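What follows is a single structure, written as structure tokens, with notes after it.
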Amino acid sequence: MPQPSRRLQLAGAALLVILGSGLQAQDPPPASTAADFLFQTGASALAAGKYHEAEINFRRLIELAPADSRGTLGLAQVYLAQKKPDEALRLLQAASEKAPRNVELHFAIGNLALQSAKYDLAIAEIHHVLDASDRNSSTAAQLYFLLGEAHRRKGDIDASVALYQQAQKLQPGSLPITNALAFVLDATGQRQGAEAEYRKIVEADPKNTLAMNNLAFLLADDGTDLDLALAYALRARQLAPNEYKIADTLGWVYLKLKNTDEAIAVFRDVVEKEPASAVYRYHLALALGQKGARAEAAKELQTALKNNPSKAEEQMIRELLQQIGQ
């Protein structure tokens, strides 16, 4: 095995001083052992918030073993911990230019670009990793999932759905993938598809309150199975009694069932706890209108208009005001 250069020997000798291991400086440990030690020391310092110490160790690792991407990845993590994502990205891209076949670097760039809303870069880098992977593997499933996330955040919903579905084919039991697919189908009005995915989640995870809540809302809103919607809404409320959105869904189910008094009671409680929510006041107004309390409903709607509703919410509020003759 070729001996390390003098520069690497000096790095090893300096490392021994830090270690206080009793070994002689002229007999440094093998490069692999030194690299492992530098990485572990840097990782420990990073976990402890000792960023300067972590940076020193990761930089020494880069100097000792340039082909070992752990040093670069560790240093990028140091930058990220200090809220310097642009520096981390520049570091990773510079390293990737020197080692274009290093999939770890491409993955790190893609992941960071995704978190930094640089979606085109994220997509390009994740595709680099996918091209080097087995397209039928669990790794590919996770890459398709990340690509789906990038396209969803970019606003390309059709591509996002297709990528989530590809990921799900490879990992049909993955709840994060199924949940992401259900969410994007739900958000784009593809209710039947979303309902099917939420059912899968609830069957696999009977305590998943988010999926249970969303499924209850869809079933109630479509009027397809109000009894089942009520069962899911009550169970979700039992599991998460302090979650306002879940309480609001229960009120919505009661409203659809024409259990007006129960709906009003639930919506009043939610509005009392979240008085600035235009949506919750709108729902309470719907229930009050259903009961015939038009003046009180109008009062809630007028307050809702003062609570900065979205354009779509404002339109619904004004339409309801017209309907109740106010």
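Quick check, is ALA285 without any contact (Cβ under 8 Å) to a residue 40 or more places away in the chain and closer than 30 Å to ARG199 by Cα? No, not satisfied. The condition of being basic (Lys, Arg), without any contact (Cβ under 8 Å) to a residue 24 or more places away in the chain, closer than 29 Å to SER69 by Cα and outside the structural domain of LEU75 (by TED's automatic domain parsing) does not hold for ARG199. Could you look through the stretch 146-181, keep only residues that are touching a Gly at 6+ places or on another chain (Cβ under 6 Å) and among the hydroxyl-bearing types (Ser, Thr, Tyr), and pick out the one that is farthest from ALA196 (Cα to Cα)? It comes out as SER160. Only residues that are farther than 19 Å from ILE317 by Cβ, buried (at least 21 other Cβ atoms within 10 Å of the Cβ) and under 27 Å from the mean Cα position of the chain (by Cα) were counted across the stretch 242-297, and they come to 4.
Let's see how each residue does on (1) within 26 Å of MET212 (Cα to Cα); (2) not hydrophobic (A, V, I, L, M, F, W, C):
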{"residue": "GLU104", "(1), (2)": "no, yes"}
{"residue": "GLY110", "(1), (2)": "no, yes"}
{"residue": "LYS118", "(1), (2)": "no, yes"}
{"residue": "GLU125", "(1), (2)": "no, yes"}
{"residue": "ALA132", "(1), (2)": "no, no"}
{"residue": "ALA141", "(1), (2)": "yes, no"}
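Kindly establish whether LEU175 is modelled with pLDDT of 95 or more and out of contact with any Pro (no Cβ under 6 Å at 6 or more places or on another chain). So LEU175 fails the test.
Restricting the stretch 70-122 to residues that are hydroxyl-bearing (Ser, Thr, Tyr) and not in a loop (DSSP other than H, G, I, E, B), which is farthest from GLY155 (Cα to Cα)?
Ranking the qualifying residues of the stretch 70-122, first place goes to THR72.
If we scan the stretch 204-220, do we find a residue that is farther than 25 Å from ILE123 by Cα, over 19 Å from the mean Cα position of the chain (by Cα) and of a type in the set (Asp, Glu)? No, because not a single residue in the stretch 204-220 is farther than 25 Å from ILE123 by Cα, over 19 Å from the mean Cα position of the chain (by Cα) and of a type in the set (Asp, Glu). Among residues of the stretch 302-326 that are small (Gly, Ala, Ser), those with a beta-carbon under 6 Å from a residue that is surrounded by 15 or more Cβ atoms within 10 Å (Cβ to Cβ) at least six positions away or on a different chain give the pairs ALA304/ALA278; ALA304/ARG281; ALA304/TYR282; ALA304/ILE317. Taking the stretch 241-274 as the range and being free of Cβ contacts under 8 Å to residues at least 12 places away in the same chain and not in a helix (DSSP H, G or I) as the test, the residues that pass are PRO241, ASN242, ASN259.
Go through the stretch 298-317 and give me each residue that's more than 21 Å from LEU250 (Cβ to Cβ) and surrounded by 14 or more Cβ atoms within 10 Å (Cβ to Cβ). Hits for the stretch 298-317 are ALA298, LYS299, LEU301, GLN302, THR303, LEU305, ASN307, PRO309, GLU314, ILE317.
The values are calculated or read from the model by the stated rules, or taken from the named source; none is laboratory data. Keep in mind that what you see is a predicted model, and the values were worked out from it rather than measured. Please note: Cβ atoms are built from the backbone with ideal geometry, for glycine as well, and neighbour counts cover all protein chains shown.
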